[in-house]
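Undergrad: Take this structure first; my questions come after.
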Amino acid sequence: MEDRADIGIGARPAPTLRRYVDSYVGFDLRAFPAGVHCGPPSRALTTVIGLSGPLQVAAGVDDGSPVNEFTAVAGGLRCRSAAIHHDGRQQGVQVSLTPLGARAIYGLPAAELAHQLVPLDELLGTLGVELVDRLRTATTWATRFTALDELFLRAVNRGSDRVRRVRPEVAEAWSRLVGARGRVQVGAVAAELGWSRRYLTERFSGELGLSPKTFARVLRFEHAHELATARNPLPWAAVAPLAGYADQAHLVRDWSEFTGRTPTAWRRGEVLLGSRAGEGSLGTA
């Protein structure tokens, strides 16, 4: 039997990109049972480039969403998991963009990608094709990460004026929600910015595609998902309060909504969990 490989090689982007790109992760997962991996919602806009063949992805889990093939796929913020169908092997690179990165690199607000899966070349054109080619021909992770830096810097430089259109108050609200992992009152954030809650919700939703309240729920879920995919995961009853849920029932409701499965069914069905699968999927673990 083929040796099982669990590789998650992370890297920070070049300093000039860090406002726009949060992280790179290279992954090589082999010899697992075939199955469907839940790529969970997170704070990031996630792009995945397949290195060993096309990615087979549906926009939802167990909801009848069609499975489409992508060489490389970009996604916006969302409230449900993507379903990544695999044959027991996944090899590729995951890029996590900040909402500001959508304008800087793709030339459009993050809201235009919300709840969507889009081929990367539709957003980057020939630059996206070149990116995939360079990643696939590279022989080391370091070379791949360097290629990502170079091509994303080119994308930023060709459209630098687009970055200035993000309202600083929206960026600040995003930063405060992320810093508190969603455990902050939206009304309090709005008051600190000198805006009404309604006005903040309109501006935030128009830029990111999710309301600040929904984004806070995603952040709490993201924290719970991190705890649930740790090497030594905590019991669900312990995860709930740590992630900011009122009780375990509250966690179960959100988990079921965001993944399409109860926490117990999710854990039973995730064959990639032993590899910290979320490091190499359409979502941040």
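Undergrad: Once label points are set 7 Å from the Cα along Cα→Cβ at both Val252 and Ala237, what is their separation, rounded to one decimal in nm?
TA: Going from the Val252 label point to the Ala237 one covers 1.3 nm.
Undergrad: Once amide H atoms are placed 1.01 Å from N in the peptide plane, what residues at a sequence separation of 5 or more from Asp22, or on another chain, have their amide H within under 5 Å of its amide H?
TA: Excluding prolines and chain starts, which carry no amide H, the hits are Ser96, Leu97, Thr98.
Undergrad: Still on this structure, please answer the following. Output wanted: per-residue J couplings in Hz (rounded whole) for segment 239-245, from phi through Karplus 6.51 cos²θ - 1.76 cosθ + 1.60, θ = phi - 60°, x for Gly and Pro.
TA: Per-residue couplings from phi come out as 5, 3, x, 5, 8, x, 8 Hz.
Undergrad: Here is a further query. Once the Cα atoms of segment 156-225 are picked out, what are the Rg and Dmax in Å?
TA: Cα-based Rg and Dmax for segment 156-225 come out at 12.9, 38 Å.
Undergrad: Here's another thing I want to ask about it. Please work out the average accessible area per residue across the chain, using the 1.4 Å probe convention, and give it in Å².
TA: So the chain comes to 43 Å² accessible per residue, rounded to a whole number.
Undergrad: Within the chain, what whole-number % of the accessible surface is contributed by carbon and sulfur, with the 1.4 Å probe and all protein chains included in the calculation?
TA: Answer for the chain is 50 percent, counting heavy atoms of protein chains only.
Undergrad: What accessible surface, in Å², does a 1.4 Å probe find on Ile84, ignoring ligands, DNA and RNA and rounding to the nearest 10?
TA: It works out to around 10 Å².
Undergrad: Ok, one more. Any chance you could run the full-extension gain for Arg183 through Thr146? It's 0.36 nm times the residue separation minus the Cα-Cα distance, nm to one decimal.
TA: Once the chain is fully extended between Arg183 and Thr146, it gains 9.7 nm.
Undergrad: Rounded to the nearest 0.05, what FRET efficiency do Leu127 and Asp87 give with R0 = 25 Å and r taken as the Cβ-Cβ distance? Could you check? All intermediate terms of the calculation are to be shown ahead of the outcome.
TA: On the way: r = 30 Å, r/R0 = 1.20.
Efficiency computed from Cβ-Cβ geometry: 0.25.
Undergrad: What does the C-alpha gyration tensor say about the overall shape of segment 29-98? Classify as rounded when a/c is under 1.5, otherwise prolate if a/b is larger than b/c, or oblate.
TA: Note, shape of segment 29-98 comes out oblate.
Undergrad: So, one more: Let me know the whole percent of all Cα-Cα pairs from the chain that are separated by more than 37 Å.
TA: Value for the chain (Cα pairs over 37 Å): 10 percent.
Undergrad: Under 5 Å between amide H atoms, partner at least 5 residues away or on a different chain: which partners does Gly244 have, H built in plane at 1.01 Å?
TA: Placed amide hydrogens put nothing under 5 Å from Gly244.
Undergrad: Now for a separate question. Give the ranking of Leu234, Leu29 by solvent-accessible surface, highest area first, calculated with a 1.4 Å probe.
TA: Largest to smallest exposure gives the sequence Leu234, Leu29.
Undergrad: Then there is this: Could you list the trypsin sites (Lys or Arg not before Pro) in segment 156-265 that lie in coil according to DSSP, counting only those with at most 15 other Cβ atoms within 10 Å of their Cβ?
TA: Arg158, Arg183, Arg231
Undergrad: Another question about this same structure. For the chain, modelled as a Gaussian network with Cα springs under 10 Å, which listed residue fluctuates most, Thr137, Thr98, Thr259?
TA: Evaluated over the chain, the most mobile residue of the options is Thr137.
Undergrad: Go through segment 9-16 residue by residue and turn each phi into a ³J(HN,Hα) via Karplus (6.51, -1.76, 1.60, θ = phi - 60°); whole Hz please, and just put x for glycine and proline.
TA: 9, x, 8, 8, x, 4, x, 5
Undergrad: Could you give me the ³J(HN,Hα) list for segment 98-103, computed from phi with Karplus coefficients 6.51, -1.76, 1.60 and θ = phi - 60°, whole Hz, x at Gly and Pro?
TA: Values, residue by residue: 6, x, 5, x, 4, 5 Hz.
Undergrad: Which residues' amide hydrogens lie under 5 Å from the amide hydrogen of Arg183, considering only partners 5 or more residues apart or on another chain, with H built in the peptide plane?
TA: Excluding prolines and chain starts, which carry no amide H, there are no hits.
Undergrad: Continuing with this model, one more query. Describe numerically, in nm with one decimal, the distance between label points set 7 Å from Cα along Cα→Cβ at Ser175 and at Arg12.
TA: So the label points at Ser175 and Arg12 sit 1.7 nm apart.
Undergrad: Sticking with this structure for a sec: Highest GNM mean-square fluctuation, the chain, Cα pairs closer than 10 Å: which of Gly179, Gly206, Gly76?
TA: Sorting by GNM fluctuation, first place goes to Gly179.
Undergrad: So for the pair Arg136, Ala230, with labels modelled 7 Å out along Cα→Cβ, what separation do we get in nm?
TA: Inter-label distance under the simple model: 4.0 nm.
Undergrad: Mind ranking Leu100, Leu208 by accessible surface for me, highest first, 1.4 Å probe?
TA: Listed by decreasing accessible area, they come as Leu100, Leu208.
Undergrad: Counting only protein chains, not ligands or nucleic acids, how are Thr126, Thr140 ordered by accessible area (probe 1.4 Å), most first?
TA: Greatest to least solvent exposure: Thr126, Thr140.
Undergrad: To the nearest 0.05, what FRET efficiency results for Glu202 and Arg19 with a Förster distance of 22 Å applied to their C-beta separation? Walk me through the intermediate numbers first.
TA: Working: r = 24 Å, r/R0 = 1.09.
About 0.35, to the nearest 0.05.
The values are calculated or read from the model by the stated rules, or taken from the named source; none is laboratory data. In this text, all values refer to a predicted model and were calculated from it rather than measured experimentally. Cβ: placed from backbone, ideal geometry, glycine included. Neighbour counts: every protein chain shown. Note: accessible area is taken over every heavy atom of the protein model, side chains too, but ligands, DNA and RNA are not part of it. Shrake-Rupley method; radii C 1.70, N 1.55, O 1.52, S 1.80 Å.
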